[in-house]
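The values are calculated or read from the model by the stated rules, or taken from the named source; none is laboratory data. This is a predicted model, so every value here is computed, not measured. In this analysis, Cβ positions are derived from the backbone assuming ideal geometry, glycine residues included, and neighbour counts consider all displayed protein chains. Ligands, DNA and RNA are stripped out before the accessible areas are found, and what is left, the full protein with its side chains, is counted by its heavy atoms. Shrake-Rupley method; radii C 1.70, N 1.55, O 1.52, S 1.80 Å.
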Amino acid sequence: MKPRIVITGMGAVTPSGANVQETWTALCSGRSAVRRITRFDATGFPVSIGAEAQDPGSAEAWLASRGQTHLLTQVHDLKGRLALAALREALDQSGLEPVPRRPERIAVCMGSEAARPDLAVIATRMRAGALPAPEELAALAPDAPTRLFAAVLGAQGPRSTTSTACTSSSQAIGEALLALRRGDADVAVAGGVDVLIDPIMVTGFSRLGALSTRNATPDAASRPFDRNRDGFVLGEGAGVLVLETEAHARARGADILAELSGFGCSCNAWRITDSPPDGRGARQAMEAALTDARLAPSAVGYINAHGTYTSMNDSSETAGIHRALGSAADQAWVSSTKSMMGHLVAACGAVEAIVCTQAVRSQAVPPGINLDEPDPACALRHVGSAAREVSLNHALTNAFGFGGSNGSLVLSRWTG
Amino acid sequence: MDRVNPDGWVDVAGWGLLCALGADVSTVAAKLRAGEVGLSVDALLERMPGPSVAGRVDGPDLRPWLLRRKDKKLMARPSQLALVAFGEALGTHAVDRSTLALHVGVGREPPDQGQAQAALMAAAGPQGLDETLLAGPGRDLYPPLLPLQTLPNMALAHVSIHLGIHGENGAWAGGAAAGLVAVSEALHDLREGRASWALAGAADSTVDRGSQRDRLRQGAASAPGEAGAALLLTRVRGQGRARLRLAPPPITHPSSVAHAPADQIGDCGAAAGMVELVVAAHCAATTGETQLVVVSDPGQAPLAVEVAPPEPLPV
């Protein structure tokens, strides 16, 4: 019998809010966080809009309160600050500290890509012929957030970093689920972080034709499943979950927020950027997640779609949903919260798992805005432009990455 | 017989390895034992501080595995090395690729090989890089395929696409231990019933100016290198040339940086530990000796894998 794995803490910093509650409130209000880019002068760029997260500022005070200011050498940029802010919120909610614990029983599983030095840093070095400091180089590695979290927590248990683009943090959470079930740990901190709004990334993705160019109407640019969608909007943020075995959570009297009941993944084996039109990879991931959760398709009340509003993804995901759920697809509400907060890439799986957790806790599903003219190829039970109160026991969240890795998670209402 | 071994063993049914000493495991293992060195003077590095030799892989020839020849231009060096190594490991085994698991150890994003240089030079203003110039003349000089080539999971993507693999998967960072992280994930999939067969390995190249600069900055003294290394693992008994399992704790060997022979093939980055594991599997298969491969990397807990000769099947 697999042990049940529960969520006892969540933290998020997103374009929609500085924490989980702010993000959830903004999403349920249907508020778009897409604006003109302010992080650099985007005048003249083909894409000048993005979904920027508010910089949480230095973590020095928090680390100082823990006697860990030496870890500031591992925090060089916005990515590190976002990750720490999300971790702090998750730890505070979980009440995990200060509780006597065994560090070898704490796992850290993060989804992250390599960081990039910002343009100003590159410019300074080009002028001066200077080289990056060794600690800066270490902070650029994909596993930098994992190492940082492990150091903050004093965690000596299993550690992993997945770098599968948009599926990274979904797979990281799945990895944590498996490690906890296997008995390799009692507690796992899992999530993801990504920061992509910089001149190099905007140039690169716009050259691919992947980004929306609705610069004049930024709040209308993110249009999942809409017939007139023209590409995604780059976002940034961090999402972190504290996961525990049910036994461990009960033993310390933790408040259980929800259950992480299933995970599934697959490869499309199709193309680097596109998803197969028949949605077979998405179907395989969703079916695997439902099998893992021991749920029939009819049990799913809400799907937080990957919904990146590229031409291919949305129709492919729709096909996958219909194939995975069959007739039950007509009963499951669907929305893409990327319609409001853009695409957080490596962090989107974690943040959207948090959205689903809030959904089962609140018995409400967030809207998917800008669905003015639903694409006939995306025929789903769309939530629409306003949040809905629903009776919801199980939610499914999808993440489908560049390169064809797919991940699906099932979040379930906790009834004890 | 598809059954989980109670002691954690799985069979090694295939392997692939290419590095500066050759493109098949037997050749590489023999040359390593003989103390041969595969490093050679590299024109790219000659004007840089530090070693001007590198452990380059010849070629490789991707044609046996490429579905579409034009896809080669999408593939950075680690992806090319991965495709050959994983393709060799899979070989002609009749494996259901819809459920075949695939786990790849990856390094940092491959730094661009100067492809963005023209765009950055066009964007150079009196105060350094100028965003307005990047948006203007720089933009058209920026290679549109560069973001796709430099994502760290591209090796996983290309292997899955060209070998038609659909199952459980992951691209795992972990420094020199990334390949063993991938192997441990594959072992979990096999033991927990998510797959009956799994491909696991790693590929990386540190033979470029950007990587060399960064390596020197972090105090590396060895020459850069490149490699792709992979194993085909299965819980189906009787398939193996060798068998392996995660070494049960306590690990009695002291943890240490990968013993991969950097002085013979160069620093192969994320593939370093995996090269050692594939050679160890070959050694176990050919000599009948059990091997223990221990790899760690700063920030990564040590991983230990035991490799043994194949299990004799009951008569």
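For B:A242, list long-range residues whose amide hydrogen, built 1.01 Å from N in the peptide plane, is under 5 Å from its own amide hydrogen.
B:V12
Under the rule of -39500 (n - 2.57) per DSSP H run of 4 or more residues, summed and divided by the residues of chain B, what mean residue ellipticity at 222 nm is obtained, to the nearest 500 deg cm²/dmol?
That calculation yields -8000 deg cm²/dmol at 222 nm.
Around A:R323, with a cut-off of 10 angstrom between Cβ atoms, what is the net charge of the other residues, counting Lys and Arg +1 and Asp and Glu -1?
0
Chain pair A, B: how much accessible area is buried, both chains summed, with a 1.4 Å probe, in Å² to 100?
Numbers: alone 15670 and 14550 Å², together 25370 Å².
By this definition, chains A and B bury close to 4800 Å².
How charged is the neighbourhood of A:L71? Take every other residue with its Cβ under 13 Å from the Cβ of A:L71, and add Lys/Arg as +1 and Asp/Glu as -1. Please report the intermediate quantities before stating the final value.
Numbers: positive: A:R66, A:R81, A:R88, A:R147; negative: A:E60, A:E135.
Around A:L71, the charge tally is +2.
Please report the carbon-and-sulfur percent of the accessible area for the protein assembly as shown; probe 1.4 Å, protein heavy atoms only, DNA, RNA and ligands left out. Before the final figure, lay out each step's value.
Values: 12870 of 25370 Å².
The value for the protein assembly as shown is 51 percent carbon and sulfur by accessible area.
Any chance you could check segment A:261-279 for residues losing 50 Å² or more of accessible area when the partner protein chains are in, compared with the chain on its own (1.4 Å probe)?
Residues meeting the cut-off: A:C265, A:C267, A:A269, A:I272.
With charges only on Cβ, +1 for K and R and -1 for D and E, what is the dipole size of segment A:248-302 about its Cα centre, in debye, rounded to 20?
That gives segment A:248-302 a dipole magnitude of about 120 debye.
Would you mind giving the mean number of other chain beta-carbons within 10 Å of the Cβ of each residue in A:41-47, as a whole number?
Values: counts 4, 3, 3, 7, 6, 2, 1.
Mean partner shielding for this stretch: 4.
What's the ranking of B:5-13, B:224-232 by average number of surrounding C-beta atoms within 10 Å, highest first? Write down the numbers at each step before the final one.
On the way: B:5-13: 18.3, B:224-232: 32.3.
By packing density, highest mean first, the sequence is B:224-232, B:5-13.
Below 8 Å between Cα atoms, with a sequence gap of 6+, how large is the relative contact order for chain A in percent?
Working: 1104 pairs, mean separation 95.5, N = 416.
Relative contact order here is 23 percent.
Among the residues of segment A:369-416, which ones have their accessible area go down by 10 Å² or more when all the protein chains sit together, as opposed to their chain alone (1.4 Å probe)?
Residues losing area: A:F402, A:G403, A:S405.
Quick check on packing: order B:92-99, A:241-248, A:370-377 by the mean number of other C-beta atoms within 10 Å, highest mean leading.
On the way: B:92-99: 13.9, A:241-248: 23.1, A:370-377: 16.2.
Going by the mean number of other Cβ atoms within 10 Å, highest first, we get A:241-248, A:370-377, B:92-99.
Sort segment A:283-416 into rounded, prolate or oblate with this rule: let a ≥ b ≥ c be the square roots of the eigenvalues of the Cα gyration tensor; rounded if a/c is under 1.5, and if a/c is not under 1.5, prolate when a/b is larger than b/c, oblate otherwise. Numbers along the way, then the final one.
On the way: a/c = 1.27, a/b = 1.15, b/c = 1.11.
Verdict is rounded for segment A:283-416.
Using a 10 Å cut-off on Cβ to Cβ distances, tally the other chain neighbours for every residue of B:184-192 and report the average as a whole number.
Details: counts 2, 4, 0, 0, 5, 1, 0, 1, 4.
Partner Cβ neighbours, averaged per residue: 2.
Please turn the phi angles of segment A:387-395 into ³J(HN,Hα) values with the Karplus equation 6.51 cos²θ - 1.76 cosθ + 1.60 (θ = phi - 60°), one per residue in order, whole Hz, x for glycine and proline.
5, 10, 7, 9, 8, 9, 9, 9, 10
Partner chain Cβ atoms within 10 Å, averaged over the residues of A:162-173 - can you pull that number for me? Before the final figure, lay out the partial values.
Working: counts 10, 15, 11, 8, 1, 4, 4, 0, 0, 5, 1, 0.
Shielding by partners across A:162-173 averages 5.
Please give the calculated 222 nm ellipticity per residue for chain A, where each DSSP H segment of at least 4 residues contributes -39500 (n - 2.57) and the sum is spread over every residue; nearest 500 deg cm²/dmol?
Values: 13 runs with 138 residues, N = 416.
Value at 222 nm, helices only: -10000 deg cm²/dmol.
Which value, in Å², gives the accessible area per residue of the protein assembly as shown when a 1.4 Å probe is used on the protein heavy atoms?
35
Set the Förster radius R0 to 45 Å, insert the Cβ-Cβ distance between A:R388 and A:L72 as r into 1/(1 + (r/R0)^6), and round the FRET efficiency to 0.05.
Working: r = 44 Å, r/R0 = 0.98.
My answer for the efficiency is 0.55.
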